[in-house]
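One structure below.
The values are calculated or read from the model by the stated rules, or taken from the named source; none is laboratory data. Here the structure is a predicted model, which means the values were calculated and not measured. A quick note on method: Cβ atoms are made from the backbone with ideal geometry, for glycine too, and the neighbour counts reach across all protein chains shown. Side chains are part of the model used for accessible areas, which takes the heavy atoms of the whole protein and leaves out ligands, DNA and RNA. Shrake-Rupley method; radii C 1.70, N 1.55, O 1.52, S 1.80 Å.
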Amino acid sequence: MHIDSLHDKFYERYGKEEEPCHTFFAPGRVNLIGEHTDYNGGYVFPCALQYGTYLAVRLNGTDQIHFTTTNFDQPCNVPARGFSRQDTKWVNYPLGVMDQLVKRGFSMKGMDMLFSGDVPNAAGLSSSASIEMVTAVAMNDLYEMQFDMIDLIKVGQKAENEFVGVNCGIMDQFASGLGKTEHAVYLDCATLDYEQVPLILGVYKLVISNTNKRRGLADSKYNERRAECESSVESIARTEPISLLGELSLARFLDLQHLIPEEKIRRRAHHVVSENQRVLDAVKALKESDLVRFGQLMNASHDSLRDDYEVTGRELDTLVEEARKVEGVLGSRMTGAGFGGCTVSLVHKDAIDRFITEVGAAYHAKTGLKPDFYVGEVGNGARKL
Ligand code: GLA
């Protein structure tokens, strides 16, 4: 989206006044490896995309906040005090952020806001985190709040947990807030220590493939997995004092896993602990420019999400299987919460056209769905434009 055209649309809707509008952007993300580890105090390795959400905003001198978006015809006005959940669902993301800021002692004034997103919707590429982060960064600037980016990331996550009602971890907001072009973010979700690691892929590109399957049960299954992880911790904690699975090395987990009575729960925990090790190995492989190894770890991650964690499903599995058949593909895995959404594959640049044709045709033949493909360009984190 060109900023001039966003401004034109803003002034068309709200009129031109002395007070200019200010423009902000926050990206969506793709996670390279480290899935369902964030809420277990583990490691993740996502990067920010160039797609994201733009926001043009100005104070309007009234006591009403006007929300509009170029994405759907769903405007909404909310009084600047006493926020409650709205039926206009998309508004709950920015409103949740404002609610958090009010809880931290700030008050909101009337504003005119125009959002515009180019992250594919409901694809598991964190369009919601990008709305939260663009709002957080904009409010921080507009009201001169002096929060640092980590604070704003926590605000974004809490908004989603408490106001939107999705019990997500911190990965998406973190990648959107602190992603950096040509880098991936290696984050320890227990301590929030992070490192922006150069993503030097040479002749390889990240190709994102969208299953275009609706993620029907995603939220309830997500919460179910969280509960299963907690129950595995309870079983282990009777003998070894841990509070999160991320505290266990793979070797230690293998020693202790007999303490978890149910086989299914043992597999869930095995995924988390083994995935954590894969993140460490993948970061090392990337630093050593060993992309073949990186691709193998991506494959192993998907297989573990399919067999141990059971969050893939036929569409994601088919996309990944077909991707791995294409010559020039080093690895392919689901990314995000699962149950639909996208895969990410590491593909030789000369094989991308063939990848799109062959994977697209085979996936369509097997599932009846048409996938979308995007070449993932890594972008910068949330900022004022
Ligand atoms: C969703 C959540 C994240 C993370 C992933 C799975 O994207 O929002 O916090 O848990 O699923 O890795």
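Structure values in brief
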read-out: From phi via Karplus (6.51, -1.76, 1.60), per-residue ³J(HN,Hα) for the range 240-249 in Hz, x at Gly/Pro; value: 10, x, 10, 10, 9, 4, x, 7, 9, 6
read-out: Spin-label proximity, Asn77 to the range 110-140 - amide N less than 19 Å from point 7 Å beyond Cα toward beta carbon; value: 110-115
read-out: Estimated vicinal HN-Hα couplings, Hz - the range 335-344 in sequence order (Karplus 6.51, -1.76, 1.60; Gly, Pro = x); value: 9, x, 6, x, 6, x, x, 10, 10, 10
read-out: Surface accessible to a 1.4 Å probe, per residue, for the residues of the range 99-234, Å²; value: 39 Å²
read-out: Cβ-Cβ FRET estimate between Ser249 and Glu224, R0 fixed at 25 Å, reported to 0.05; value: 0.45
read-out: Net charge dipole size for the chain [Lys, Arg +1 and Asp, Glu -1 on Cβ; Debye, nearest 20]; value: 400 debye
read-out: Surrounding net charge for Gln173, when Lys and Arg each add one and Asp and Glu each subtract one, Cβ distance under 13 Å; value: -2
read-out: Span-like helix ranges in the chain, DSSP H, alpha carbon extent 27 angstrom or more, Kyte mean at least -1.0; value: 263-287
read-out: FRET efficiency, 1/(1 + (r/R0)^6) with R0 45 Å, evaluated for Lys287 and Thr62 via beta carbons; value: 0.30
read-out: Quarter of the Cα convex hull surface for the range 126-166, i.e. its orientation-mean projected area (nm²); value: 2.7 nm²
read-out: Apportionment of accessible area to carbon and sulfur, the chain, percent (1.4 Å); value: 47 percent
read-out: Amide hydrogen neighbours beyond the local backbone of Val378, cut-off 5 Å, H modeled; value: Glu182
read-out: The range 307-357 - charge dipole about Cα centre, Lys and Arg +1 at Cβ, Asp and Glu -1, debye rounded to 20; value: 200 debye
read-out: Virtual spin-label span in nm between Glu327 and Lys264, 7 Å along Cα→Cβ; value: 4.4 nm
read-out: Fully extended contour minus Cα-Cα distance, from Ala237 to Glu144, at 0.36 nm per residue; value: 29.0 nm
read-out: Cα-projected label distance for Arg85 with Glu17, points at 7 Å along beta-carbon direction, nm; value: 3.2 nm
read-out: FRET E, pair Leu192, His7, Förster distance 35 Å, beta-carbon r, rounded to 0.05; value: 0.50
read-out: Most to least packed among 142-153, 32-43 [average Cβ atoms within 10 Å]; value: 32-43, 142-153
